[in-house]
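Right, one structure below, let's go through it.
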Amino acid sequence: MNSELLEQFNIVSANGLPYTIPIHPNLVHLTLGLFIIAIFFDAVGVFLPLNKFIFKYFSIPVERENLFDVGWYNMVAAAVITLFTVTAGFYEIMLAEAPVDIKSAWGMKALETMLWHGVGGVILLILIIAMAVWRGLQRFVWRKQEDRQVQWLYLFAGAAIMFVMYVHGTLGAQMAAEFGVHNTADSLLRLGQDLNAMLK
């Protein structure tokens, strides 16, 4: 049985995918980074009058408009990348073989965790695109002539979405760490193979 499975790895790698490194987890971190940077720089732009002396103390020339530029472009990039992140996630989840006899730290089985993670991914995609549209309206229409480019509600919504990302990311981490979904080392150990020999 093990040899048959290993023969399949000529087509499908040890992580159960037709490529060596899963795409979805890497794009997830890009999505997270871009979104967090966007909200962070917009928040710094909002609070700049209060902390401008810190930048002056360190001799860092900062213009409020430049901070808002970083927030805007990162939010647009997050919306674009998240389309690919969710697409890759659904492709990889379709190829997943999840164990049925294990429960996560949250008491859910693998299939249930994958379902919630998939639904959460679509919800986050919609939220991030909505945030990009909202950010664009503030930048080009509603607050075009104002010094402070973003609304307080926008920043609070961004912080709330970051919390949802944390919960959603925990589900994804459970899929890899606890269920071994698309986890190369976990798959090889289940087959009783020597990791050092297989991964040379």
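Name the residues in the stretch 119-134 that are crowded, with 16+ Cβ neighbours inside 10 Å and modelled with pLDDT under 95, would you?
The answer is Gly120, Gly121.
Looking at Thr87, Thr82 in this structure, which one is touching a residue at least 24 places away in the same chain (Cβ under 8 Å) and of a type outside the set (Gly, Ala, Ser)? Spell out the reasoning first.
On the way: Thr87 fails: touching a residue at least 24 places away in the same chain (Cβ under 8 Å).
None of the others qualify; the one that does is Thr82.
Do we find that Thr85 is among the β-branched types (Val, Ile, Thr), in contact with a Gly (Cβ under 8 Å, 6 or more places away or on another chain) and buried (at least 18 other Cβ atoms within 10 Å of the Cβ) in this structure? Outline the logic, then answer.
Details: among the β-branched types (Val, Ile, Thr): yes; in contact with a Gly (Cβ under 8 Å, 6 or more places away or on another chain): yes; buried (at least 18 other Cβ atoms within 10 Å of the Cβ): yes.
So Thr85 fits the description; yes.
Please indicate, with yes or no, whether at least one residue in the stretch 112-126 is touching a residue at least 40 places away in the same chain (Cβ under 8 Å), among the small types (Gly, Ala, Ser) and touching a Ser or Thr at 6+ places or on another chain (Cβ under 9 Å). Show your work before the answer.
Let us first name the residues in the stretch 112-126 that are touching a residue at least 40 places away in the same chain (Cβ under 8 Å), namely 113-114, 116-117, 120-121, 123-125.
Among the residues that remain, those that are also among the small types (Gly, Ala, Ser) are: 120-121.
Then keep just the ones that are touching a Ser or Thr at 6+ places or on another chain (Cβ under 9 Å); that gives 121.
Yes, the stretch 112-126 has at least one match.
As an exercise: evaluate Trp116 against (1) farther than 21 Å from Ala43 by Cβ; (2) outside any helix (DSSP H, G or I) and give the number of the one condition it does not meet.
The failed condition is (2).
The values are calculated or read from the model by the stated rules, or taken from the named source; none is laboratory data. Just so you know, these numbers come straight off a predicted model, no measurement behind them. Ideal geometry is used to build each Cβ from the backbone, glycine not excepted, and the neighbour counts take in all protein chains shown.
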